[in-house]
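A.B. asks: The structure is given below, and queries will be raised subsequently.
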Amino acid sequence: MSIWKPPWKGWYKVNVDGAVFKESNCCCVGVVIRNERVQMMGVMCKKLELPLGALEVEAKAAEEGIRLARELSLSPIIIEGDSQIVLNAISSPDLPPSSIKKVIEGIKSWLMHSSDWKSNVVRRSCNVVAHLLARHAKFESECIIWAEDIPSMLDYQIQKDVTLSGFVPF
């Protein structure tokens, strides 16, 4: 079983996920940023009133995650998500698929000014908190960012991540 793991000391892990809801003609993104002590540094969910496909919304999720990390001055970062195409496009010099080209170019432009960053493709089981946030965003009318208090709907999964990661408080 794959489990979420904390970032290296001094780094921040930015987990991102996107969700498409065809029945309500919207898509949503979820972002969670944690430090090596598994503390929540930033949590976000955002509904996008756009008819995007799965690949495009995953790219937007990565963009929103990196934007939130920049706004909170968190660096260096590890961007994690379950879209191999998006994360490979971010870290590769090759041209990305045309439907996400502009978003990927914007992400690369931001990352050029970052002190250090990495990307990591993970299974959904390592990205559950971001996935829950993306699903929750469907019920919100605007972007919601939590910087200190986290939504109670995440309590169980966060505790599970902490327990399974073997994290021991200092």
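A.B. asks: Considering segment 58-87 alone, what residues qualify as being farther than 22 Å from R135 by Cβ and either touching a residue at least 60 places away in the same chain (Cβ under 8 Å) or surrounded by 24 or more Cβ atoms within 10 Å (Cβ to Cβ) (or both)?
C.D. replies: L72, L74, S75, P76, I77, I78, listed by residue number.
A.B. asks: With the requirement that a residue be within 21 Å of I90 (Cα to Cα) and out of contact with any helix residue (DSSP H, G or I) (no Cβ under 7 Å at 6 or more places or on another chain), what does segment 1-28 give you?
C.D. replies: Matches in segment 1-28: P7, W8, W11, K13.
Table: residues versus (1) over 25 Å from A147 (Cα atoms); (2) in a helix (DSSP H, G or I).
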{"residue": "L55", "(1), (2)": "yes, yes"}
{"residue": "I78", "(1), (2)": "no, no"}
{"residue": "L95", "(1), (2)": "yes, no"}
{"residue": "E105", "(1), (2)": "yes, yes"}
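A.B. asks: Output the number of the condition that I150 fails; it satisfies all remaining conditions of (1) within 16 Å of the chain's Cα centre (by Cα); (2) outside any loop (DSSP other than H, G, I, E, B).
C.D. replies: The failed condition is (2).
A.B. asks: While we're here: Answer yes or no as to whether C27 is in contact (Cβ under 8 Å) with a residue 12 or more places away in the chain, assigned to a strand (DSSP E or B) and more than 13 Å from the chain's Cα centre (by Cα).
C.D. replies: Answer is yes for this residue.
A.B. asks: Still on this structure, I have one more. Search segment 109-160 for residues being surrounded by 13 or more Cβ atoms within 10 Å (Cβ to Cβ) and hydroxyl-bearing (S, T, Y), and hand back the single one that is nearest to I78 (Cα to Cα).
C.D. replies: Filtering first and then ranking leaves S119.
A.B. asks: Among the numbered conditions (1) at pLDDT 90 or above; (2) more than 23 Å from N88 (Cβ to Cβ), tell me where W146 comes up short.
C.D. replies: (1)
A.B. asks: Collect the residues in segment 114-147 that are more than 19 Å from E80 (Cα to Cα) and without any contact (Cβ under 8 Å) to a residue 60 or more places away in the chain, keeping them in residue-number order.
C.D. replies: F139
The values are calculated or read from the model by the stated rules, or taken from the named source; none is laboratory data. These figures come from a predicted structure and were not determined experimentally. Cβ coordinates were reconstructed from backbone atoms using ideal geometry, including for glycine residues, and neighbour counts include every protein chain displayed.
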